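The structure appears right after this line, and notes come after that.
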Amino acid sequence: MAHESIKVALLGAGTVGSQTARLLVEQADEFERRIGARLELTGIAVLDPDQVNDPWIDKSLLTTDTLELTTRADVVVELIGGIEPARTFVLSALNHGASVVTANKALLAQHGPELYEAAERNGVDIYFEAAVGGAIPIVRPLRESMVGDKINRIMGIVNGTTNYILDEMTTRGLAFDTVLKEAQAKGFAEADPTADIGGFDAAAKAAIMSVLAFHRDVRMDDVHVEGIENITESDIEAARAMNRVIKLLAVVSENEQGISAGVYPIMLPADHQLAKVSGSFNAVFVEGEASDDLMFYGRGAGGAPTASAVTGDIVTVARHRVAGSTGPSIPLYSNAPIVDASQAHSSYMVRFNVPDNVGVLARITEIFAQHGVSIRAAQQHEQEDAQGNHELWITTHSVSDHVIRETIDDVAAEKTAGAVISIMRVFEE
Ligand SMILES: NC(=O)C1=CN([C@@H]2O[C@H](COP(=O)(O)OP(=O)(O)OC[C@H]3O[C@@H](n4cnc5c(N)ncnc54)[C@H](O)[C@@H]3O)[C@@H](O)[C@H]2O)C=CC1
Ligand SMILES: N[C@@H](CC=O)C(=O)O
Ligand code: NA
């Protein structure tokens, strides 16, 4: 039977919702030809209709009764964000037989399996390309294209806000707070930017990628998270002096020990491909057993780029409805153990402020040796501060996060040995 139209309900008309509405209006004829049925926007739920002034939005479609809107659509597009009430709206949509498109990584990283199961039980789709890497096609490749391969590791820059902040601090020497405000103004940051700065947004994406790559129920709480909130201009200068740049990486992997997922800042060599990813761009390396290395690159945040991924999903699930089918399910059959990513080994650079006294360097290296931490390089800087202290940089060989932190705690406990300025992972292939 020919479909006259596919009813689309939009929940949210903020940074992403507004641009999604624009694409749906501007591309309506094109989408109709691709789908074989017209997309009919039946309602747009927002918190405050008076705040919506986009010329392409028909104000008569605005509603504040979000739950009701989820009950009268073929496709519900959730662009509200957060856990509740978004979870309730998505479940309502699925249980009323609508397919769902969402960009909500926070929701999927906490309740994904419950929602995937609800979609399957109701014979509908749940698609979420925008939830990882914004415009970059990465969810679909993991969910469909690479399903015949075994993925060993995924490593990437998956948060546009933090990449923008680190890049602007590095290239323009701007202060952290100034750049964060810019990222918020450009629409990259989450409603609560601590999700970006604290690494939680990247951690949610790491959990989603782990589910798709390893077929294992991996949630937000399984991801080891460190953010960029403590990174200072002096850390950036130190990295530059080592011909490195600081990036916030999400790394998920599976080996004989199990699955590990972590997010942390790390110093990359300046000529590493990920070091060159600038502004709000994201990049994801996927290491497949048969495919070998794949790289995905593009705009990871912002209204229009994210809306591109959202409308791609809307067209896809609409096509499925016209065909009377659904896309692939998300099987979670693996019970591989989850390994604490903070136990993964890495090289580290520790910066100390030390007094220029006889025996200080010897005492610090002795404490490192007592913990079995092997030193790759040590460098004391000639320049002294007002108190007559000097910076001492120690780079280690591979060591676990746990051991290096115990080591520097012991150094810090000896007041005469000097103070720890910062500690940072150093990328070694
Ligand atoms: N901004 C970006 O670059 C990206 C955002 N995302 C995700 O997209 C989603 C939306 O993000 P933004 O557009 O940036 O958020 P936003 O804060 O700009 O917009 C949120 C919209 O939801 C509406 N809303 C909030 N509570 C509601 C409720 N109970 N009922 C109806 N409407 C409600 C607000 O009125 C507003 O229109 C989030 O899940 C976010 O994580 C994903 C990728 C990139
Ligand atoms: N706040 C996020 C938006 C996209 O997911 C980011 O900065 O990457
Ligand atoms: Na994407």
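Observations on the structure shown:
- A search for C-beta distances below 6 Å between a residue of region 337-354 that is β-branched (Val, Ile, Thr) and any residue that is assigned to a loop (DSSP other than H, G, I, E, B) and open to solvent by less than 50 Å² (accessible area, probe 1.4 Å), counting only pairs 6+ apart in sequence or on different chains, returns VAL354/GLY418.
Residues are listed down the side, and each one gets a yes or a no for (1) surrounded by fewer than 24 Cβ atoms within 10 Å (Cβ to Cβ); (2) modelled with pLDDT of 95 or more; (3) away from ligand 3 (no atom under 16 Å from the Cβ):
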position	(1), (2), (3)
SER92	yes, yes, yes
ALA103	no, yes, no
LEU107	no, yes, no
GLU117	yes, yes, yes
ARG121	yes, yes, yes
ALA130	no, yes, no
ALA135	yes, yes, no
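- Taking the conditions (1) more than 12 Å from ligand 3 (Cβ to nearest atom); (2) in contact (Cβ under 8 Å) with a residue 40 or more places away in the chain; (3) of a type outside the set (Gly, Ala, Ser); (4) surrounded by 18 or more Cβ atoms within 10 Å (Cβ to Cβ) in turn, HIS111 satisfies each one other than (2).
- Selection of region 120-141 for residues being under 16 Å from the mean Cα position of the chain (by Cα), in a loop (DSSP other than H, G, I, E, B) and away from ligand 1 (no atom under 11 Å from the Cβ) yields PRO137, ILE138.
- Qualifying residue in region 389-398 (condition: at pLDDT 90 or above and open to solvent by 60 Å² or more (accessible area, probe 1.4 Å)): yes
- Flag if ALA86 is more than 16 Å from ligand 3 (Cβ to nearest atom), in contact with an Asp or Glu (Cβ under 8 Å, 6 or more places away or on another chain) and not hydroxyl-bearing (Ser, Thr, Tyr): yes
- Among the conditions (1) of a type outside the set (Lys, Arg); (2) within 16 Å of ligand 1 (Cβ to nearest atom); (3) in a helix (DSSP H, G or I); (4) not assigned by TED's automatic domain parsing to the domain that holds ARG38, LEU274 misses just one, which is (2).
- Any helices (runs of 4 or more DSSP H) falling wholly within region 1-115 and containing at least 2 residues that are polar (S, T, N, Q): 15-26, 86-95
- Residue under evaluation TYR264, criteria (1) farther than 16 Å from ILE165 by Cβ; (2) in a strand (DSSP E or B); (3) open to solvent by 30 Å² or more (accessible area, probe 1.4 Å), criterion not met: (1)
- Residue that is farthest from ligand 3 (Cβ to nearest atom) [pool: residues in region 50-60 that are open to solvent by 40 Å² or more (accessible area, probe 1.4 Å) and not acidic (Asp, Glu)]: SER60
- Of all residues in region 213-230 being away from ligand 2 (no atom under 16 Å from the Cβ) and more than 17 Å from PRO337 (Cβ to Cβ), the one that is surrounded by the most Cβ atoms within 10 Å (Cβ to Cβ): GLU226
The values are calculated or read from the model by the stated rules, or taken from the named source; none is laboratory data. For clarity, every value in this text was computed on a predicted model and none was experimentally measured. Cβ sites come from the backbone with ideal geometry, for glycine too, and all protein chains shown count toward neighbours. Side chains are part of the model used for accessible areas, which takes the heavy atoms of the whole protein and leaves out ligands, DNA and RNA. Shrake-Rupley method; radii C 1.70, N 1.55, O 1.52, S 1.80 Å.
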